[in-house]
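Read through the structure below, which is laid out as structure tokens, and then see the notes.
Bear in mind that the values in this text are calculations on the coordinates, not laboratory data. These numbers were taken from a predicted model, which means no experiment stands behind them. Ideal geometry is used to build each Cβ from the backbone, glycine not excepted, and the neighbour counts take in all protein chains shown.
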Amino acid sequence: MGTVKITSRYGILLGFVALLCTAISAGIFFLTKDKIDAVMAAQQRELLLEVIPQDYFNNNLLESAVIPQDKNLEGIQKIYFAKKDGNVSAYAYETTAPDGYSGDIRLLVGLDPKGEVLGVRVIEHHETPGLGDKIELRISNWILNFTHQSINEHNLSEWAVKKDGGKFDQFSGATITPRAVVNQTKRSALIMLNNQALLQQLSTQVK
């Protein structure tokens with residue numbers, strides 16, 4: 001009987017300690033949540049400004065995000081609508097190249113309605129350090145080659161790496177990674193440009 005009492009007391013004590021730790025963890029979470037959210041929002045805003053310059057819009061770009069459901073926009077995961085005085089001036093959208101050397105490469109692309117690519121940045125990848133990771137701006141300036149490049153029905157053949165007859169450099173010893181980024185930027189931009197009526201409808205959902 002004494003053993004049962006001792007066990008029960010330890011059980012209650014352990015339960016109290018667990019409850020106390022949970023309460024402390026919850027308190028820390030709620031105290032820091034707003035600060036963490038603010039930091040994440042600032043980082044996202046900074047990234048968006050790398051693909052759509054500030055002078056293209058005067059709306060709240062972070063609050064303009066729409067997740068498209070229409071099958072015509074398949075391959076576009078999220079769209080931010082840049083608006084100048086209420087009119088759509090550019091899009092920033094997330095898309096994924098499925099054919100990287102080491103898997104998916106997530107991209108953020110800035111594009112205006114006339115087909116000018118304003119910028120491209122890599123959000124996430126698993127490419128080989130020292131080779132494929134040159135798609136990152138912190139590693140090399142290669143990704144800047146997309147800035148202010150136009151895409152239209154007359155120059156589609158140029159949207160490829162030089163090894164495939166295009167105008168974009170590949171990396172020494174690593175062609176698959178840049179090819180994947182170039183091809184997905186091209187594919188996704190064409191999806192956006194070919195569905196501008198649909199995009200216009202979606203843009204009415206945001207300010």
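The stretch between ILE24 and GLN205 holds 61.1 nm of extra length on full extension. This uses 0.36 nm per residue minus the Cα-Cα distance.
Calculate the FRET efficiency for ASP99 and GLN196 from the Cβ-Cβ distance with a Förster distance of 22 Å, rounded to the nearest 0.05.
Working: r = 27 Å, r/R0 = 1.21.
The computed FRET efficiency comes out at 0.25.
The modelled label-to-label distance between HIS148 and ARG187, using points 7 Å beyond Cα along the C-beta direction, is 2.9 nm. The value given for the stretch 105-169 is a Kirkwood hydrodynamic radius of 12.7 Å, derived from the mean inverse Cα-Cα separation. Classification of the stretch 62-207 by its C-alpha gyration tensor yields a prolate form. The axis ratio a/c (a ≥ b ≥ c) is 1.5 or more, and a/b outweighs b/c.
Working note: Karplus 6.51/-1.76/1.60 with θ = phi - 60° gives the stretch 56-68 the couplings 8, 8, 9, 9, 7, 4, 4, 8, 9, 6, 10, 9, x Hz, where Gly and Pro are set to x. Rounded to 0.05, the FRET efficiency of the GLN69 and SER140 pair, given R0 = 30 Å and the Cβ-Cβ distance, is 0.25.
Here the extension length gained between LYS162 and GLU46 equals 38.6 nm, from 0.36 nm per residue of separation less the Cα-Cα distance. In terms of distances greater than 29 angstrom between alpha carbons, the cross-link table entries LYS114/LYS162; LYS84/LYS134; LYS78/LYS114; LYS134/LYS163; LYS134/LYS186 yield LYS84/LYS134.
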